[in-house]
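For reference, the structure discussed in these notes is given below.
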Amino acid sequence: MAKSTFLTLCLHPLVVISQLLQGNDSFVKVAGPDVHIAIPTIGVGSQTLETPLPYAFPDQNVANTDALFPMPLCNGITLEEATIDQLQDYMGRGVLTSTQIALCYMERIWQTDEYINSVLEVNPDFLQIAASLDAERETGKVRGPLHGIPFMVKDNIATKDRMQTTAGSVALLGSIVPRDAMIVSKLRAAGALLLGKATLSEWADMRSNNYSEGYSARGGQARSPYNLTLNPGGSSSGSAAGVAANVFMFALGTETDGSIINPAERNAIVGIKPTVGLTSRAGVIPESAHQDSPGPFGKTVRDAVYVLDAIYGPDGRDNYTSAQIGKTPREGYMQFLTDRSALANATFGIPWASFWALADTEQQNKLLELVELIRSAGATIVNNTELPTYKTIVSPDGWNWDYGTTRGFPNESEYTVVKVDFYNNIRDYLSELENTEIKNVEDLVTYNYANDGSEGGHPWPLGIPAFYSGQDGFLASLESKGIMDEAYFQALAFCQRTTREDGIDAALAMGPNGSKLDALLVPPDIGQTYQIAAQAGYPMITLPAGVHSMTGMPFGLALMQSAWGEPELVKWGSAIEDLQLSSGTPYKRTLPKWYGYLEKNIPVLNL
C-alpha cells in the first residue's frame, strides 16, 4: 500500500472502518478498556463511494433473487453459509481470526439491518472479547468448537455487561440484571463471542393476543429475509432471521409455545426446542415455568447441536433442571449425529388427521415428496399414528392457546395456566433487577398506558397498529392475580395428560407390532404441532424443507419426541438433513430472495 500517515482511534464498534474487514486487522490492538485502531488517513476526495453496487446498496435489477444482498468476502474467504467447523478450520490455520470474523459479521449487519432489522443491540465490548479469544488461541488454548464464534441472543436473555435486557420493552430500559443468564454464562465459558442482542416480539408475545409478530417498542419490526412483508415467525424473530441471512453464525431463542420452532421453520434454519428443564431458564425473562425452554438456532443440525451441548445441564437456580439428572448423555449430544445410512433402521409415524390434514395442499405435496425420499433411503413410514386426544385438544382453526376456553372449558386451557404463571414468574424475575421501578404486571400495565404512543397500552386506534389488541395479554394475567386456583390446577393436569401419555407418547407407541416409533414427522408450519409439544414440555427439532411458491416463505419438517428424547431428534434430524444435502432434492435450505425488501408494513401479514 502507499506510504501514509496513521492515527489512533478510541473506537466504538459501530465506527469500524470497512477496510479492516479485508485483512487489515493487524492494526487492531487492545489497550486497557478501549480498542485502539490505527488506520491510514485519507484525503477528502477518496471518501466518496465509486462502486455502491452490489454490497453497499442492493441492486434493484436483481430484486427477488438471492443475489440482492450478496455477502462480501472476509479477507478473501466466503462466510456466507459457512459452518462452525469451517470457521474453526479457518481460525486454526490462521486464515482468519475471531476479530476478523466478528468485523465481517458487523459489515453484514450494516448491509442488511435497515431491511430485516434482526439486531436490536451490538455488544460494545465485542472487539475486546474477540481480541482476547484470539490471544488465547495464539497460546494454544482453544476452549472448544465454539471458541471465537460470534452469536447473538434474544433480548429476553440476561447478559451482565453493557447491553440491555428488556424483552424489547422500553419499560426495562436501564434496568440492571444481577448476573448472566446461565445459558449465556455457559457459552462465554465455551469461548463463544457474544456479538449482541437480537430483536423479538415484545415480551415474547405475552403482552398482546393480536399483534405484529417480531415487533417491539425498542427494536421495531423484525422481518424475514425471505419475504419482508410477512410474519417472520416468533417470538424469537430476530434470532432466526439473523441466522437465516448470515448476519451471525448462531443464536439463542426461547420458547413457551412455538417461539423457537415457528421462526426457525419460517426462516429455513434448524431450531431445537429442548425438553423443559434441559436448559436453564435462570436469567431468562419468564412467561411460564411449566413451558419455557431456551434453545439454539443454526443453519445445520451439527451447528445447533454444538450450541445445545454447551448450554444444557442442571442449574441450582432453576429447579426444573434437576429432573434431567440420570436422563441425559454424559458426553453430550454430538455423539448422536449420523448420516443418511442410519435411515435404513428408522421407523417414523405420520399423525395425518392430527396435524398433516391441516396443512395446505402445496405443503402437503412437497413434504410428502420429502417423506417418500426418506422412505426410499430405507426408513419405515407408518401412517395415521394419531394422538388419541387430537379431536379434543387440537384446534382445527389454527394455533389457539386458549382453545379450552373456545370449547367452553377454561379448566382445560393452556392459557389458564400461562397467564397465572406469568403473573408470578415475572414478579420473581423483576424482584432481582436494580435501577428500575418496574416490579410486577401492575407496573407494566401502568407504564404501557402512560406511553401509549410507543408501547401501545390501548387497542388500536388509541394505541399503535403493531399491538392491535393493546395489552390484553397483560390484562388477562393481571386479572388472574397469579392465583393458582382449582381451575388452574385442572387446566395444568389436563394439558399435560392429554399431550403426554394420552398424546405424543401414545402416538409414539404405534410402531409395527407394538414397537416404539423413532419420531413423529409433522409439518411445523401448522402451529398446533409445536403447541401440543409445548403443553407437554416435550422436545422438537425442525429442518428446512421447502419454500412456498406463492409467498416465498419457507416451511419445515419437524420431528417430535418424548421427554428427554433429544438423542433421537439429533440422530434422525441429522440423518434426514444428510439425505437432503446429498440427494439433490430441492426440499432443503435455500438462500432468501428478499421479496418486498422496500416495504415496511406494520403489522406484518399472517400468510
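The values are calculated or read from the model by the stated rules, or taken from the named source; none is laboratory data. If you're wondering where the values come from, they're calculated on a predicted model, not measured in any experiment. Methodologically, a virtual Cβ is constructed for each residue, glycine included, from the backbone with ideal geometry; neighbour enumeration extends over all protein chains shown. Only protein heavy atoms, including side chains, enter the accessible area calculation; ligands, DNA and RNA are left aside. Shrake-Rupley method; radii C 1.70, N 1.55, O 1.52, S 1.80 Å.
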FRET efficiency for SER46 and PHE489 from the Cβ-Cβ distance with R0 = 60 Å, rounded to 0.05, comes out at 0.25
So the angle from the long Cα axis of helix 414-430 to the longest Cα principal axis of the chain, reported in degrees to the nearest 10, equals 40 degrees
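How large a share of the accessible area of the chain, in percent, is made up of carbon and sulfur atoms when the probe is 1.4 Å and the other protein chains stay in place?
Numbers: 11720 of 22280 Å².
Here carbon and sulfur together make up 53 percent of the probe-accessible area.
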Heavy-atom accessible area per residue of the stretch 39-163, all protein chains kept, 1.4 Å probe, expressed in Å², is 43 Å²
Residue-normalised value, i.e. accessible area per residue, for the stretch 520-607 at 1.4 Å probe, in Å², stands at 30 Å²
Here, ILE381 and GLU501, labelled 7 Å along Cα→Cβ, have an inter-label distance in nm of 3.3 nm
A chain fully extended from THR65 to TRP352 at 0.36 nm per residue, minus the present Cα-Cα distance, gains in nm 99.9 nm
In the structure shown, of LYS141/LYS299; LYS186/LYS366; LYS154/LYS571; LYS160/LYS571, the pairs separated by more than 31 angstrom at the C-alpha atoms are LYS186/LYS366; LYS160/LYS571
Measure of exposure for ILE602: accessible area at 1.4 Å probe, Å² rounded to 10, is 70 Å²
Charge tally for neighbours of PHE489 with beta carbon under 15 Å away, counting Lys, Arg as +1 and Asp, Glu as -1, is -3
Here the longest stretch of the chain that holds no GluC sites (Glu not before Pro) in a DSSP loop having at most 14 other beta carbon atoms within 10 Å is 82-330
Subtracting the Cα-Cα distance of ASP360 and ARG93 from 0.36 nm times their residue separation yields 91.3 nm
Under the 7 Å Cα-to-Cβ spin-label approximation, THR590 and GLU437 lie apart by a distance in nanometres of 5.4 nm
Counting only DSSP loop positions in the stretch 429-509, the trypsin sites (Lys or Arg not before Pro) whose Cβ has at most 16 other Cβ atoms within 10 Å are LYS439, LYS481
Length gained, LYS481-GLU114, 0.36 nm per residue minus C-alpha separation, equals 128.1 nm
Taking r as the C-beta separation of LYS327 and LEU53 and R0 as 45 Å, the FRET efficiency to the nearest 0.05 is 0.25
With R₀ set to 22 angstrom, the calculated FRET efficiency between the beta-carbons of LEU368 and SER549, to the nearest 0.05, is 0.90
Computed over the Cα atoms of the stretch 354-484, the Rg and Dmax in Å are 21.3, 61
The distance between the Cα centres of the stretch 254-318 and the stretch 169-230, in whole Å, is 14 Å
Sparse-neighbourhood loop hits (trypsin sites (Lys or Arg not before Pro), the stretch 149-238; DSSP loop; Cβ within 10 Å at most 10 others) -> ARG162
With -39,500 (n - 2.57) per DSSP H segment of 4 or more residues and division by the full residue count of the chain, the 222 nm estimate, nearest 500 deg cm²/dmol, is -9000 deg cm²/dmol
When every protein chain stays in place and a 1.4 Å probe is rolled, MET560, MET182 sorted by accessible area with the largest first are MET182, MET560
With label points set 7 Å from each Cα along the Cα-to-Cβ direction at LYS160 and ARG143, the distance between them in nm comes to 1.5 nm
For the chain (alpha-carbon point model, no solvent) the Debye-based log₁₀ I(q)/I(0) at q = 0.05, 0.12 Å⁻¹ works out to -0.20, -1.22
Taking Cα atoms only, helix 126-138 is inclined relative to the longest principal axis of the chain by an angle, in degrees rounded to 10, of 80 degrees
For the stretch 147-218, the Kirkwood Rh over every pair of distinct alpha carbons, in Å, works out to 12.9 Å
